[in-house]
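S.K.: Here's a structure for you.
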Amino acid sequence: MKQLARMAVAAFILTGGSCVALAQDVVITTEQEPVITEYVTKHTVTSVDVPDVEVTVGTALPDTVELHRIEAPDVNYEYTVVNGTTVIVDPGTRKIIKVVQ
């Protein structure tokens, strides 16, 4: 029984560690944040209604949602407005990496 408990704890730690590594793959730096926010505020786009999509960090947007490039130095992200909410997206995975408030 102790062996099983140790294996469960080890698996939990290993899984948690890999989740943290994945979450750290996409990072908006403190220098990029105001540039991105200003850009998406000035360059508004029409909202797309996608009823089955939860607008939260980590959600992958369907291919039917058009993404718009953020034309700013050292910024490789795109953005769109889904269900009335502006989101920053990793274009490689189409996952939401930031919800703009």
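S.K.: Let's see if you can work this out: charge +1 on each Lys and Arg Cβ, -1 on each Asp and Glu Cβ, no other charges. What is the dipole magnitude of segment 27-99 about its Cα centre, in debye to the nearest 20?
M.R.: 20
S.K.: For Ile28 and Val45, calculate 0.36 nm times their separation in residues minus their Cα-Cα distance, and state this gained length in nm to one decimal.
M.R.: 4.0 nm
S.K.: Can you compute log10 of I(q)/I(0) for segment 27-99 with the Debye formula, treating each Cα as one identical point scatterer, at q = 0.16, 0.18 Å⁻¹?
M.R.: With no solvent term, the Cα-only Debye profile gives -0.49, -0.62.
S.K.: What spacing in nm lies between the two simple spin-label points modelled at Thr93 and Arg69, each 7 Å away from Cα in the Cβ direction?
M.R.: 2.3
Taken together, the values in this text are just the output of simple stated rules run on the coordinates, not laboratory data. A quick note: this is a predicted structure, and the numbers were derived from the prediction, not measured. Neighbour counts are summed over all protein chains in view; Cβ atoms, including those assigned to glycine, are modelled from backbone coordinates with ideal geometry.
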